[in-house]
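First the structure, in the form of structure tokens, and then the observations on it.
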Amino acid sequence: MTKDKSRRKFLRDALGGVSAVALGAQLYSSVPAQNKVSRSHGTVRSAEPSIRFAIHGGAGTILRNQMSAAREKEYRDALTQALMIGYGILKKGGPGLDAVEATIRFMEDSPLFNAGKGAVFTSAGTNELDSSIMDGKTLKAGAVAGLKHIKNPISLARLVMEKSKHVMMVSDGAEAFAKEQGVELVPASYFYTEDRWKALQREKAAEEEKNKAPKEKKPLKAHASLPEHEYGTVGAVALDQGGNIAAGTSTGGISNKKWGRVGDSPIIGAGTYANNRTCGVSATGDGEYFIRSVVAHDLSALLEYKGLSLKEAADVVIEKVDKLGGKGGLITIDKDGHLAMSFSTSGMYRGHVGADGQPIIEIYKD
Ligand code: ASP
């Protein structure tokens, strides 16, 4: 079989493996042929770069029948652009950390995602941003939380990792460090978007209604529904040509959050994890449940200590979150180039680059 034909056959086999798993989560598992050669035999390297790159733009109630064609196109275009920024860096031999940071910066600058510019509002009407990044080679990590004036939190997380002896900085302290590092600060008004502001008003109205004494409550209309969880957290995982894994996540948290609430996204081991011996993970969903389940490290530990496949491990951790009552999803890539995307919600904005170098963008469960 010619190389081209065998790659096409591999693609058919790999993509034919798309299957629905427990909880309605959807999961993919594929490995580029070139990775199989270069990594399973250790010293043999194929001429082609053995790189992998995947992103997500949040999991939640994302239904085909509630999405206009124009809106869907906007998401698909933004996801494709984001994906190809990081992939382009990896293809040229750049580090996974650069790919993750550059892609997430692009998503933070887009109002479509709940990160950076498009961050959701707190109950006080402010925006508080969280982010983290991890280097699988050194196990170094950087995290920031409760930021109010940082345009690109992922870059500040990376500076915490590379230019300080700490792992996590929050709020005013993190912003003071940012100033010292010459990072771009923006006025709080930069993060205002009408969609997110309206979402906050809906959340508040629903909360008020919920807290009313039973006799004061308005009867629920048949079609009435509570506001949806404001999805849109972003994340990326990369395996670069040097075999190094990097992962990063960035978010505005959850709409109407209170009292300095911080979710899983900036928590190393919960929302983000990377380890060259196992895998890289970026999660999205009900942060409290992802913290309690220590999702990202748990997935890595299932590979390291229990020898599960990436697909099995991704499935197990999402199931654990589900059993506690939380919903969400994750993207993960292992050291051999396998890729898995698992989620328990009706949709997750997600993308990866196929073995043929083409972007594959998906939104819904099926
Ligand atoms: N996990 C994020 C948080 O809890 C939110 C999300 O992923 O949608 O802050």
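Residue selection: Met107 fails the criterion of being in contact (Cβ under 8 Å) with a residue 12 or more places away in the chain, assigned to a strand (DSSP E or B) and crowded, with 24+ Cβ neighbours inside 10 Å. Residues in the range 315-333 that are in contact (Cβ under 8 Å) with a residue 60 or more places away in the chain and away from the ligand (no atom under 14 Å from the Cβ) were compared, and the one that is surrounded by the fewest Cβ atoms within 10 Å (Cβ to Cβ) is Glu319.
A single entry from Ile89, Ile154 fulfils the requirement of being away from the ligand (no atom under 16 Å from the Cβ) and touching a helix residue (DSSP H, G or I) at 6+ places or on another chain (Cβ under 6 Å): Ile89.
Given the residues Ser300, Ser309, Ser346, which is the only one that is in contact (Cβ under 8 Å) with a residue 24 or more places away in the chain, more than 12 Å from the ligand (Cβ to nearest atom), over 27 Å from Ser50 (Cβ atoms) and more than 14 Å from the chain's Cα centre (by Cα)? Write out each step before concluding.
Details: Ser300 fails: over 27 Å from Ser50 (Cβ atoms); Ser309 fails: over 27 Å from Ser50 (Cβ atoms).
Of the residues listed, the single one that is in contact (Cβ under 8 Å) with a residue 24 or more places away in the chain, more than 12 Å from the ligand (Cβ to nearest atom), over 27 Å from Ser50 (Cβ atoms) and more than 14 Å from the chain's Cα centre (by Cα) is Ser346.
Yes or no: the range 226-248 includes at least one residue that is over 30 Å from His297 (Cβ atoms), more than 13 Å from the ligand (Cβ to nearest atom) and either at pLDDT 95 or above or among the aliphatic types (A, V, I, L, M) (or both). Yes; the residues of the range 226-248 include at least one that is over 30 Å from His297 (Cβ atoms), more than 13 Å from the ligand (Cβ to nearest atom) and either at pLDDT 95 or above or among the aliphatic types (A, V, I, L, M) (or both).
Conditions tested, residue by residue: (1) closer than 18 Å to Ala115 by Cβ; (2) in contact with a Phe, Trp or Tyr (Cβ under 7 Å, 6 or more places away or on another chain); (3) without any contact (Cβ under 8 Å) to a residue 60 or more places away in the chain; (4) not in a loop (DSSP other than H, G, I, E, B).
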{"residue": "Ala145", "(1), (2), (3), (4)": "yes, no, no, yes"}
{"residue": "Ala157", "(1), (2), (3), (4)": "yes, no, no, yes"}
{"residue": "His166", "(1), (2), (3), (4)": "no, no, yes, no"}
{"residue": "Ala176", "(1), (2), (3), (4)": "no, no, yes, yes"}
{"residue": "Asp195", "(1), (2), (3), (4)": "yes, no, no, yes"}
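Evaluation of Val321 against the conditions (1) touching a Phe, Trp or Tyr at 6+ places or on another chain (Cβ under 7 Å); (2) in a strand (DSSP E or B); (3) hydrophobic (A, V, I, L, M, F, W, C) shows that the sole unmet condition is (2).
The values are calculated or read from the model by the stated rules, or taken from the named source; none is laboratory data. Computed from a predicted model, the values in this text were never measured in an experiment. Every residue, glycine among them, receives a Cβ derived from its backbone with ideal geometry; neighbour counts consider all protein chains shown.
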